[in-house]
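Only one structure is covered here, and it is reproduced in the block below.
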Amino acid sequence: MNIKILSPLWGHEHLEYNSFLNKVKNAGYDGFDTWIPDDKIEKRLLFNYLQKHEMYIVTHQHQAFGNNFHEFKKSFLK
């Protein structure tokens, strides 16, 4: 079993997104525990960073909504 140590975004919200990513990487973490950003620039930055530095992510889907499966799925995919 390989254990990965991830840093949460929680407690780092005051940092610019790129500063957060660099801080976590430089501290020796294996990746991030965060949500996928809504902002397209931050989203691309995160995904590129993960690939470039071979880091991991655990993410939570907390913004999906809908009154039926179709609405929920559409919101989830967004």
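Values in this text are rule-based calculations from the coordinates and carry no lab data. Just so we're clear, the structure is a prediction, and the values are computed from it rather than from any experiment. When we count neighbours, we look across all protein chains shown, and the Cβ atoms used for this are built from the backbone with ideal geometry, even at glycine.
Can you list residues from other chains, or at least 5 along the same chain, whose modelled amide H is less than 5 Å from the amide H of Y29?
none
How large is the convex hull of the Cα atoms of the chain per residue, expressed in Å³ as a whole number? Let's see the in-between values first.
Details: hull volume 9.3 nm³, N = 78.
Taking the convex hull of the Cα positions in the chain, it is 119 Å³ per residue.
For the range 10-21, in order, what is each residue's ³J(HN,Hα) by Karplus, 6.51 cos²θ - 1.76 cosθ + 1.60 with θ = phi - 60°, in whole Hz (x at glycine and Pro)?
3, x, 10, 4, 6, 8, 4, 4, 5, 5, 4, 4
Between H14 and K73, what is the spin-label point distance in nm, taking each point 7 Å from the Cα along the Cα→C-beta axis?
Rounded to a tenth, the inter-label distance reads 4.4 nm.
How far apart, in nm, are the 7 Å Cα→Cβ label points at N2 and R44?
2.9
Which lysines have a Cα less than 27 Å from the Cα of K74, not counting those fewer than 8 places away in the same chain?
Leaving aside lysines fewer than 8 places away in the same chain, those within reach of K74 are K40, K43.
Excluding same-chain residues fewer than 8 positions from K25, which lysines have a Cα within less than 16 Å of its Cα?
List returned: K4, K52.
Would you mind counting up the charge near K4? Only other residues with Cβ under 13 Å from its Cβ, with Lys and Arg at +1 and Asp and Glu at -1. Let's see the in-between values first.
Working: positive: none; negative: D30, D33, E54.
Here the charged neighbours net out to -3.
Just grab the label-to-label distance for N26 and A64, each label 7 Å out from Cα along the Cβ direction, in nm (one decimal).
3.7
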